[in-house]
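First up is the structure itself, then whatever we jot down about it.
The values are calculated or read from the model by the stated rules, or taken from the named source; none is laboratory data. The model shown is predicted, which means the values in this text are computed figures rather than measured ones. Don't worry about glycine lacking a Cβ; one is built from the backbone with ideal geometry, like all the others, and counts go over all protein chains shown. Heads up: the accessible areas ignore ligands, DNA and RNA and are worked out on the full protein's heavy atoms, side chains in. Shrake-Rupley method; radii C 1.70, N 1.55, O 1.52, S 1.80 Å.
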Amino acid sequence: MSTPTVVPTKSISRWFLFLLGAATTLITLGLWVSPAAAHVDFLGSTPANVSTVPGPISEVVFEFSGEADPITEDFRIENSAGESIPIRTVANDGDNKILVTSADPINAGRTKVLWALRGADGHKMSGSIVFTVTPAAATAVPAPEASGTPATTAPTSNAVSDGNGDGLAQSSPSPVTTLTVNDSGFAETVGVVARWLVYGAVLLAVGALAYLLWVHRGTRSESRRIVFFIRRAAVLIVLGSVVEWFAQLALWNGDGIGDLVRPAVWGELGSTGFALGTLCRIVGAVLVLRFVAIDVVPEDEREEASVTDLDWITEPDPSGSVMLDRQPPSTTLTRVRVESGPLALLGAALLILSESFIGHTASIEPRALMGVSDAVHLTSAAIWAAGAWLLAATLWRRHRQNEPLNAGLLATRFSVLATWSLVAVALSGTILAWAILEQPSALWESEFGRLLLAKIVVVIVIGSIGLHNQRVLLPALASGDESSEQRFRRTIAIESLLFVVVLLITSLLVIANPLS
Ligand code: HEM
């Protein structure tokens, strides 16, 4: 084995930024170009395709990229048995939106809405969306008609539409369903838990790379543990994405386990943005898993040491010598250099990109702004949350092993990143929220709005703790006050736990109904 290649941290940082920039540009271009390329595109709906909304509902809103003339007689609302539900009105609001109102409220069940329109150029388009209405009061009570209420919970609202007029509306009605509300509730819960874990793992995998590059100074074994966390996070992303996919399949038609092996259901789900997002996540995670590796360098790069001290980094090169820290590894603070190479960083960029296909923002205009905001939101959330998790883990480990905490150095370095991340997360989150919520009152009147408020409250608490750390504890740490080290260790642990709560709320947020 040869001596590890020396790549300056700065150049890797540049790679990181370059790849994130490239991914952002690609999303931007992709999202900008696609609506313009077609005549009129289906952008999304409320309720979203493949979503679950609490009943009763009587209005469905379709959004298109241009002026759309609805072909009223082709609109149809069907229940899970394929029976028609009478439509009261199909109205064009003059703002690229079509409002469909049912004569009676839809209280529960899988609901399919078929649409058709003529674009300004006369081109006919049609398609359909499917969503599940859950009974208002009872989530754990079997549906009135034994066949039950199948639920679907993919966060995407991409259309199942061919866009060329054929109307590929592919969720074939399933007259006989065997899923009860309890069953669908179980699959839905599995989906939410899997999404929660995936979000946590995505943030950890991406944020830990940034933490290694820009914050960490520690012993070799600590650095090794961080890489271990990144690898485990990548594995969790793959497993969680697969579980979420199967939960989604089980919920798709309401036929339960049977749908897991039905090619038609795979095909239908496979044509949604959710599938693209899942694919991006898995490929990104595999790249991170395969190519992440780190190297440790002393602050003084000219120093050299015996290769036997580097056993965990790479196989020793019998003929060469490599750089190493001056002191015994257990006590020396070293600088970490990510030797992951561009492919692991590309994997991280793919993980960020994957979220652009999932969630309400996947189908909301302006797409370019949404894509960029989503990428900024996820990247800054990753840097902030994973930084807090790893800082807390590092300090607790040092504390348990009776090592000096050296909290001041890490806290100072993290504080700069955390401040910028807070600003970026809040700005991008506000843009996303503004785009998703139709009107300010939806903030307290809709399920989405209330969850968002809860999320913001928790983020404000985290921000306040961060401010306290920065204003009170950092100066105390700098003055060498040892008790402040212990206080910082505890406050950063509380922040870390609150980030987990934020993620749980987010997993519910992305499938919540933003309509008042
Ligand atoms: C003021 C603070 C924040 C606001 C206003 C906010 C708002 C939002 C909104 C509106 C969405 C889109 C939901 C959807 O697509 O349906 C979102 C997604 C998300 N947020 Fe936040 N958020 C904030 C802070 C955070 C923090 C601190 C974290 C990190 C723990 C976080 C993690 C996420 C994740 C993982 C997603 C899903 C991925 C995505 O769509 O980008 N958010 N947030």
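Tabulated results
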read-out	value
Cβ pairs under 9 Å, 6+ apart, first in the range 342-365 and under 13 Å from Phe291 (Cβ atoms), second open to solvent by 20 Å² or more (accessible area, probe 1.4 Å) and of a type in the set (Lys, Arg)	Leu343/Arg290; Ala344/Arg290; Gly347/Arg290
All positions within the range 265-285 that are open to solvent by 60 Å² or more (accessible area, probe 1.4 Å) and either out of contact with any strand residue (DSSP E or B) (no Cβ under 8 Å at 6 or more places or on another chain) or not small (Gly, Ala, Ser) (or both)	Trp266, Leu276, Leu279, Val283
Filter result (without any contact (Cβ under 8 Å) to a residue 12 or more places away in the chain and either of a type in the set (A, V, I, L, M, F, W, C) or near the ligand (Cβ under 10 Å from one of its atoms) (or both)) within the range 473-516	Ala476, Leu497
Selection status of Ala385, within 13 Å of the ligand (Cβ to nearest atom) and either over 17 Å from the mean Cα position of the chain (by Cα) or open to solvent by less than 20 Å² (accessible area, probe 1.4 Å) (or both)	yes
Criterion (open to solvent by 10 Å² or more (accessible area, probe 1.4 Å) and within 16 Å of the ligand (Cβ to nearest atom)) met by exactly one of Trp396, Trp420	Trp420
Residue tally, condition at pLDDT below 50 and out of contact with any Gly (no Cβ under 7 Å at 6 or more places or on another chain), over the range 25-80	8
Qualifying positions in the range 356-372 - crowded, with 23+ Cβ neighbours inside 10 Å and closer than 19 Å to Ile511 by Cβ	Ser356, Phe357, Ile358, Gly359, His360, Thr361, Ala362, Ser363, Met370
Glu438 in a loop (DSSP other than H, G, I, E, B), more than 11 Å from the ligand (Cβ to nearest atom) and closer than 18 Å to Leu509 by Cβ	yes
Among the candidates Leu395, Leu410, residue that is among the hydrophobic types (A, V, I, L, M, F, W, C) and touching a strand residue (DSSP E or B) at 6+ places or on another chain (Cβ under 8 Å)	Leu410
